[in-house]
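These notes concern the structure reproduced below.
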Amino acid sequence: MGAKLNGQAYTTAAVKQFRFKEKYTLFLMALPFLVLVFLFAYLPLYGWIYAFYDYRPGIPLSQTEFVGLQWFTSLVSNPYQMEEVLRVLRNTFAISTLGILTSVLPVIFAIFLMEIKSPSFKKIVQTLTTLPNFISWVLVYSFAFMLFSVDNGFLNNLLMNMGLIERPLNILASDNHTWLSMTLWGVWKGLGWGAILYIAAITGIDPELYEAARVDGAGRFRLMWHVTVPGIMPTFFVLLILGIAGFINNGFEQYFVFSNAMNMSKIEVLDLYVYNVGVVNNNFGFATAVSILKSIVSLILLFAANSLSKLVRGEGVI
Amino acid sequence: MGVNNRITIFDIINYTLFALFTLACFFPFYYLFINTISSNDLSSRGLVMFYPQEIHFNNYIEVFKIPGLGQATFVSFARTVIGTLLTVAASGFLGYLFSKPTMWGRKFWYRFLIATMYFNAGLIPWFLIMLKLGLFNNFLAYVVPGIVSPFFIILVKTFVESTPISLQESAQLDGAGNMTIFWKIVMPLITPILATIAIFTAIGQWNSFQDTLFLVTDSNLFTLQFILYRYFNGATSLATLMQSGASDTNLANIQTATSIRTTISMVVVIPILLVYPFFQRFFVKGIMIGAVKG
């Protein structure tokens, strides 16, 4: 900032020149960071060309065969591949649908927590139920392993001690109820955290509304239904819209750490599938093609969700 | 909000359900902990279920004798500290810059930044570019890609815009440059939001696992999370590790697969438990501001 403006001597011209210089100085200060954004977010898009080559790691792209849309068409023309992709889509949709259905749980959690009269009990519940949100999925798997392992896991030992089962159950290496158990782990990890937003929303409801309803003779459940629920509906709606926008982005880590040879056919969601195809089987071209399709579909979902939001509440989410 | 002070059936059910869910959230932490401090022999046979037995703290000493674990702890701490500092500094600075309407092309560059929240090139293209940028087996891969976080920048920008502009203007008239204004005027004002960002970044860095999985094969750069994963995955032979830890003569407390797994899990979770009480008050702020602009 060369333009030193002392005392009362600054003129309109000086201010103009100062503004002019400042305009670019501000940009130049942001530039190094914008370069980082370009490198890590935009430059990878250039990698989409790998979807049009039969690329193998180690061979330069210039010596690689250009295959056009082969990876895209093989999705529908190759029955084996199509079946595989359909299975992965089924897993993705099932787990996402269960995720959206369980997104109502934090609402219920928040409403009923408000009915707890003991402040210390409330505090303990909030503290301990939020904790799982801050541990990694690797650690969650570590917990799951210790509790449900076939080999001296807590649950098996407990049930066997009580004489309820004779042989240990192999819960982790089984493809029964994989979708449900993945959803339940998600609930375990995220319920307390997800409720915080609703608790804040409930705290923000005008107490006079409750008073008025009470004067009108409303009981506990009527207060919940006619005052609390309408009060937090806008918040729920925004989160629901965002959930729909992220329908095919289940994420990777949870499914990766919980996956094994036994449950792979049920746990393999899109993000894990891209990893298995690309990194494990080295089929970079096909993995990239799947990523491209996934990106396009999730953008469409995002815009659809945004339009829906504009339609219903007159305001978008992006 | 009770109508009267009677304890109803509803209250009993409500308290019971919350108590059960809270127990379910907390029990795994407790269960792993009592297993790390109980006799390793009993623990590996699954006999330590509800309370510790034959308490000892050997595991916490033995576990650091495992080759590479000290290094992994160091890497995890280093990425958490360095990564958090860089992200917080960049979020604060960029949030301030983007709050300036005078910036050249502000609207375009801001959109250029925010748009990255909504698309993703995909794993393989990202991986190949990281490779080209020399970020394979490179510590910088842990801290550099996260420096610019659009979400945090939105938070800071909104926050700066809510502070009175007259403070910045009067400093400008006194001849203060942008850097001075940022350090002396803006920084003190945005400390609360920076603290929130710092906490969420630090937890994210400590818990991060995928970057090591994709970008690191050099064991000197392994993080605790990654090592923990490998011990469950069986990719590392636990038997050889147990041999190396077997110098202890107390046979009941010889290192077992269970003791190594539970103790490393505890090493991973203890730092989070230690800072948890202090950052709880940031929860609502962090999550609420996030909801303003999803």
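Readers should treat all values here as calculations from the given coordinates under stated rules, not as data from a laboratory. All values reported here derive from a predicted model rather than from experimental measurement. Quick reminder, even Gly has a Cβ in these numbers, built from the backbone with ideal geometry, and neighbours come from all protein chains shown.
The table for this structure:
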item: Descending semi-axes in Å of the protein assembly as shown, equivalent ellipsoid built from Cα gyration tensor; result: 41, 35, 28
item: Averaged over B:91-99, number of beta-carbon atoms from partner chains that fall within 10 Å; result: 2
item: Cα gyration tensor shape of the stretch B:1-85, rounded if a/c is under 1.5, else prolate or oblate by comparing a/b with b/c; result: oblate
item: Theoretical FRET efficiency, 1/(1+(r/R0)^6), r = Cβ-Cβ of A:R167 and A:Y24, R0 45 Å, to 0.05; result: 0.05
item: Projected area, mean over directions - the stretch A:266-316, Cα convex hull, nm²; result: 4.4 nm²
item: 16 Å Cα-Cα reach of A:K21 towards lysines, excluding residues that sit fewer than 8 places from it in its own chain; result: A:K4, B:K100
item: Long-range tail of P(r) for chain B (Cα pairs > 30 Å, %); result: 51 percent
item: Average partner coverage of B:111-121, which counts Cβ from other chains inside 10 Å; result: 6
item: Fluctuation leader among A:L43, A:L180, A:L155 - chain A, Gaussian network, Cα springs under 10 angstrom; result: A:L43
item: Per-residue [θ]222 nm for chain A (sum of -39500 (n - 2.57) over DSSP H runs n ≥ 4, rounded to 500); result: -20000 deg cm²/dmol
item: Theoretical ellipticity at 222 nm over chain B - DSSP helices of four or more residues, -39500 (n - 2.57) apiece, nearest 500; result: -20500 deg cm²/dmol
item: Protection proxy ranking of B:273-283, B:55-65 - average other beta-carbon atoms within 10 Å, highest first; result: B:55-65, B:273-283
item: Per-peptide average of other Cβ atoms within 10 Å, ordering A:71-83, A:137-149 highest first; result: A:137-149, A:71-83
item: For A:Y53, residues with placed amide H under 5 Å, excluding near neighbours; result: A:V67
item: Between the stretch A:152-193 and the stretch A:244-279, the Cα center-to-center distance that results, in Å; result: 20 Å
item: Relative contact order [Cα under 8 Å, 6+ residues apart], chain A, whole percent; result: 24 percent
item: Per-peptide average of other Cβ atoms within 10 Å, ordering B:158-167, A:104-113 highest first; result: A:104-113, B:158-167
item: Per-residue average of Cβ from other chains inside 10 Å of B:202-208; result: 3
item: Principal axes of the stretch A:83-193: Cα extent on each, largest first, Å; result: 47, 42, 25
item: From phi via Karplus (6.51, -1.76, 1.60), per-residue ³J(HN,Hα) for the stretch A:50-60 in Hz, x at Gly/Pro; result: 4, 5, 10, 10, 8, 6, 10, x, x, 9, x
item: Quotient of Cα Rg and 2.2 N^0.38 Å for the stretch A:82-313, N being how many residues it contains; result: 1.23
item: GNM flexibility winner over chain A from A:S265, A:S103, A:S120 (Cα, springs under 10 Å); result: A:S120
item: Residue-by-residue Karplus 3J(HN,Hα) for the stretch B:101-118, coefficients 6.51, -1.76, 1.60, Hz, glycine and proline x; result: x, 6, 4, 5, x, 3, 4, 5, 5, 5, 5, 3, 6, 5, 4, 5, 6, 10
item: Residue-by-residue Karplus 3J(HN,Hα) for the stretch B:13-30, coefficients 6.51, -1.76, 1.60, Hz, glycine and proline x; result: 4, 4, 4, 5, 4, 5, 4, 5, 5, 4, 4, 4, 6, 8, 4, x, 4, 4
